């Protein structure tokens with residue numbers, strides 16, 4: 001049957017059959033939900049066009065920019081949006097993922113743009129490293145390769161380098177069981193692998209031992225604090241007062257739910273000990 005001859009109801013039904021039962025957008029925000037719905041709609045149009053041997057681009061050119069699929073566009077978008085769900089666990093894991101990516105990026109920047117995790121190369125790729133000095137605990141990582149021949153699309157490899165590409169994307173060089181090297185974006189690694197890498201970087205002093213906050217509430221020790229401070233616009237927005245520590249009314253602790261003083265995290269523990277004495 002010719003695609004131009006099928007009814008709107010049949011076209012909509014065939015498209016809905018291609019949809020996933022549920023979608024879990026990350027982040028769960030209006031712009032991202034709308035973008036995901038539009039991407040899925042375009043994909044469905046291509047699949048249906050291929051199914052019927054229909055040239056949608058040619059049709060659009062011949063009909064002043066209008067597509068044959070326009071008649072179901074709004075209904076498809078509405079149906080897609082009705083299948084969108086907010087998964088708090090997924091959103092939390094993505095927050096953790098990007099925090100770990102930021103930590104690793106910090107370590108790579110400090111290392112001069114490239115950090116070896118197999119050979120002890122710093123600032124240069126391991127292929128340019130003249131020494132054979134290696135780490136004894138080379139990290140193994142798991143990533144989603146998308147290859148059908150792998151278990152669930154996942155594959156493991158040894159991590160050789162983490163580096164910043166020319167477009168500032170954080171990349172990593174992997175060496176698989178066939179001794180084949182290839183580069184993938186670092187953020188495509190599994191979350192557990194990222195955690196292992198951050199631990200490895202801490203162990204080898206490429207990152208601090210912990211992610212201790214600089215400032216905490218002097219009453220409860222929470223790092224969920226905010227401060228209001230005046231700035232001088234003529235001095236690169238430098239703080240005029242000392243982060244509001246001289247005026248408790250400028251600070252707010254979300255845990256205490258009141259205005260409190262701020263204390264350096266490094267001093268907080270000792271201050272509490274002295275109060276106990």
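Among the residues of segment 56-106, the ones that are within 17 Å of residue 24 (Cβ to Cβ) and in contact with a helix residue (DSSP H, G or I) (Cβ under 7 Å, 6 or more places away or on another chain) come to 7 in all. Note on segment 135-147: among residues that are farther than 11 Å from residue 159 by Cβ and surrounded by 14 or more Cβ atoms within 10 Å (Cβ to Cβ), the one that is modelled with the highest pLDDT is 144.
If you go through segment 8-30 and keep only what is surrounded by fewer than 10 Cβ atoms within 10 Å (Cβ to Cβ) and within 17 Å of residue 49 (Cβ to Cβ), you end up with just 17. The residue of segment 244-277 that is modelled with the lowest pLDDT, among those that are over 16 Å from residue 222 (Cα atoms) and part of a helix (DSSP H, G or I), is 273. Of all residues being in contact (Cβ under 8 Å) with a residue 40 or more places away in the chain and out of contact with any helix residue (DSSP H, G or I) (no Cβ under 9 Å at 6 or more places or on another chain) in segment 163-202, which is surrounded by the fewest Cβ atoms within 10 Å (Cβ to Cβ)? Just the residue, please. Step by step, filter segment 163-202, then rank; the result is 192. Restrict the check to segment 225-236 and report whether at least one residue is modelled with pLDDT of 75 or more and more than 23 Å from residue 96 (Cα to Cα). Yes: one or more hits. Just to be sure, is residue 169 at pLDDT below 95 and under 27 Å from residue 122 (Cα atoms)? Judged against the criteria, residue 169 is a match. Please work out if residue 210 is outside the structural domain of residue 99 (by TED's automatic domain parsing), at pLDDT below 85 and either surrounded by 11 or more Cβ atoms within 10 Å (Cβ to Cβ) or part of a helix (DSSP H, G or I) (or both). Spelling it out, it is not the case that residue 210 is outside the structural domain of residue 99 (by TED's automatic domain parsing), at pLDDT below 85 and either surrounded by 11 or more Cβ atoms within 10 Å (Cβ to Cβ) or part of a helix (DSSP H, G or I) (or both).
The values are calculated or read from the model by the stated rules, or taken from the named source; none is laboratory data. As the structure is a prediction and not an experimental result, all values here were calculated from the model. Note that we place each Cβ from the backbone using ideal geometry, even for glycine, and neighbour counts take in every protein chain shown.
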